[in-house]
1. How much net charge surrounds L173 when only other residues with a Cβ under 11 Å from its Cβ are counted (Lys, Arg +1; Asp, Glu -1)?
2. Report relative contact order for segment 1-89 in percent, whole number only (criteria: Cα-Cα under 8 Å, sequence separation at least 6).
3. Considering lysine pairs in segment 51-128 that are 8 or more places apart or on different chains, how many have Cα atoms under 20 Å apart?
4. With n ≥ 4 as the cut-off for DSSP H runs, can you work out [θ] at 222 nm for the chain, using -39500 (n - 2.57) per run divided by the number of residues, rounded to the nearest 500?
5. May I ask what percent, to the nearest 5, of DSSP beta bridges between residues of the chain are antiparallel?
6. For the chain, with every protein chain kept in place, what is the accessible area per residue (1.4 Å probe, Å²)?
7. Pick from A87, A62, A121: which residue has the top mean-square fluctuation in a GNM of the chain where Cα pairs under 10 Å get a spring?
8. Looking at T23, L58, F43, which one has the Cα that reaches farthest to the positive end of the dipole of segment 1-66 (charges on Cβ: Lys, Arg +1; Asp, Glu -1)?
Amino acid sequence: MCKNEILYHACSLIYDNRVFCLTGNKGVGKSTVMQILSSKNEFTIFSDDTIHIDSNLLSNRAHNLVKHTPETVEALKLKTLNVKNAAGKYYSSFDISHSFLKINKIFHLVRTDNNEFDLRAINSNLIKNSVFRANIVGITHMPYSLISKTMKIKPDPDIKFYELLIPNDLNFLINNSDKLKELVVNCFEMSV
């Protein structure tokens, strides 16, 4: 933090040589959505759970592991390393192909009881700052001196923020993954 670098709580993928992050509350489905999108040829997993972001907005991964709930492993028929963490989630691995790429977009995931997807641009700087800061790793355990420093951190104006509504129903999410892919790809195509 003192070097203007942070660890960021997000899953991230590469689309067209650009990194985008999936943020959201614990358990919202970041890793699941990342895994579903990565099954499409256009997307590559960049990092699961945590990435390092430097002062130039270049990001790098900490590892090549993805953690999944047993429900996701079963529903997506994923091959795992047969190792569970303390929370009972399984690990799988992915190939590392890129490092130090600039973040382009942040999709903040929100679950909905409706069986639909929706993508909304976040234009309010207050909400952008809130989403960005809320996902800095360790912020809830920082001393006041570092918390006050985080209040000065503002996301780069080149990063576009979106709220991505996803259904609570995992089967609907899987069966309609082409619609999810279409929303994300269209978002990139429209902002070129």
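1. Values: positive: R111, K179; negative: E116, D169.
Charge balance in the 11 Å sphere: 0.
2. Working: 124 pairs, mean separation 24.2, N = 89.
It rounds to 27 percent for segment 1-89.
3. Values: K67/K77; K67/K79; K67/K84; K67/K89; K77/K89; K79/K89; K102/K128; K105/K128.
Lysine pairs, 8 or more places apart or on different chains, close enough: 8.
4. Details: 6 runs with 53 residues, N = 192.
The per-residue figure over the chain is -7500 deg cm²/dmol.
5. Details: 29 of 42 bridges.
Antiparallel: roughly 70 percent of the beta bridges in the chain.
6. Accessible area per residue, the chain: 54 Å².
7. A87
8. The residue sitting most towards the positive pole is T23.
The values are calculated or read from the model by the stated rules, or taken from the named source; none is laboratory data. Model, not experiment: these values are computed from the prediction. Every residue, glycine as well, gets a Cβ built from its backbone with ideal geometry; the counts of neighbours run over all protein chains shown. Each accessible area value is taken on the protein alone, full model and side chains, heavy atoms only, with ligands, DNA and RNA left out. Shrake-Rupley method; radii C 1.70, N 1.55, O 1.52, S 1.80 Å.
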